[in-house]
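Worksheet: one structure, shown below.
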Amino acid sequence: MDKKTTGSWLIYQTGKLQRVTDQSSFEKSYLAGKSGILLSAISKDCQGTLTNAQIQALAKASGINTLTELPVLLRHLSEQGLLEQGQNGIDVLGVTTSSCLQHTADLFDALMPSGIEVASLALCEEASNQPLIFNEAKEKLSDLYCLAQGDAGFLLKQACEIGFVDFESIDETTGLLFNGNLFRRDDVAKVRKVLNSLSDLETQKQMEFADCLNAQACVPVETAVECLGKDLFNKLAVIGMYDINIVSN
């Protein structure tokens, strides 16, 4: 993911984390996201000065606790060279609104986040592209981010409970992960029915093609048909498992 996408997901996750009481597994994600929210509120297109009263007002409007959170966030932004604190206010050091998401990603990296926190951002991105099978997502995150199986399972459980992703049960052993803002539950139900109907061979082909697509980002339709077979390709395409775009000259 590029930095703007990473920053966007950090802001998204922070909004979800504000609604739960236990944020201990995502403390650095939360701090980076909150810092990004504050930075966006106080940023200007050129270097500017804000009084303490203005900062307090902007923080309150952004849902930031001015007693417990604001001092920590200002110190964190100051340590990263994004503002200078004075007795009567702050100087914003040339941060623009368009660069806030990139700075949010940089703030996150500077905190040296855990593998679980980094993997959670990838999970949000993947589940927004298409619904994911729980067990497959667990294996993939474990492999890509060197997570123990227990940690990968813990991440998915936390992501569902906090609301990073939505969950729909397929059967007693697994389910689908998806972004409820992009996929309606009736769409997910269709995906579930089709995936349940796949044979073991079709499931294996679907998984192999998913690896190919993830590695290359996009492939010609002809390649997809060759990998999956025409019938399976049509079955998966009709439920929106893949985006099909026509590029013409």
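The values are calculated or read from the model by the stated rules, or taken from the named source; none is laboratory data. Owing to the predicted nature of the structure, the values given are computational and were not obtained by experimental measurement. The area values use the complete protein model at the heavy-atom level, side chains included, leaving out ligands, DNA and RNA. Shrake-Rupley method; radii C 1.70, N 1.55, O 1.52, S 1.80 Å.
Which entries in Lys157/Lys205; Lys3/Lys235; Lys138/Lys230; Lys140/Lys193 show an alpha-carbon gap greater than 32 Å? Present the calculation step by step, with values, prior to reporting the outcome.
On the way: Lys157/Lys205 27 Å; Lys3/Lys235 35 Å; Lys138/Lys230 29 Å; Lys140/Lys193 23 Å.
Where the Cα-Cα span goes over 32 Å, the pairs concerned are Lys3/Lys235.
Just checking the listed ones, Leu17, Leu198, Leu121: in the Gaussian network model of the chain with Cα springs under 10 Å, the one fluctuating most is Leu198.
Can you give me the solvent accessible area of Glu168 with a 1.4 Å probe, rounded to the nearest 10 Å²? Roughly 40 Å² of Glu168 is accessible to a 1.4 Å probe.
Springs join every pair of Cα atoms under 10 Å in this Gaussian network model of the chain, and among Leu144, Leu201, Leu93 the largest mean-square fluctuation is at Leu201. Every helix of 4 or more DSSP H residues in the chain counts as -39500 (n - 2.57), and over all residues that averages to -18500 deg cm²/dmol at 222 nm. Angle of helix 134-144 to the longest C-alpha principal axis of the chain, folded into 0 to 90 degrees and rounded to 10: 60°. Calculated on the Cα set of the chain, radius of gyration then Dmax: 21.3, 69 Å.
Here the translational diffusion coefficient of region 24-65 follows from Stokes-Einstein with Rh set to the Kirkwood radius across Cα pairs; for 37 °C and 0.692 mPa s it amounts to 292 µm²/s. By how many degrees, between 0 and 90 and to the nearest 10, does the Cα long axis of helix 185-197 differ from the longest principal axis of the chain? So the inclination is approximately 40 degrees. Entry comment: accessible area of region 24-122 is 46 Å² per residue, from protein heavy atoms only and a probe of 1.4 Å. Against the chain, whose longest principal axis comes from its Cα atoms, helix 200-216 is set at around 40 degrees.
Of Ile42, Ile133, Ile244, the order by accessible heavy-atom surface (1.4 Å probe, DNA, RNA and ligands excluded), from most exposed downward, is Ile244, Ile133, Ile42. Working note: Cα atoms of region 1-98, range along each principal axis, descending, whole Å: 35, 32, 22. Within a straight-line Cα-Cα reach of under 22 Å, Lys4 can be paired with the following lysines, leaving aside sequence neighbours fewer than 8 residues apart in one chain: Lys16, Lys28, Lys34, Lys44.
To put it simply, the accessible area of region 62-101 at a 1.4 Å probe is 47 percent carbon and sulfur. For region 102-249, which whole-number percentage of the solvent-accessible area (1.4 Å probe, protein heavy atoms only) is attributable to carbon and sulfur atoms? Ligands and nucleic acids excluded, carbon and sulfur give 51 percent. Highest mobility in the GNM of the chain, judged by mean-square fluctuation with C-alpha springs under 10 Å and restricted to Leu213, Leu73, Leu147, is found for Leu213.
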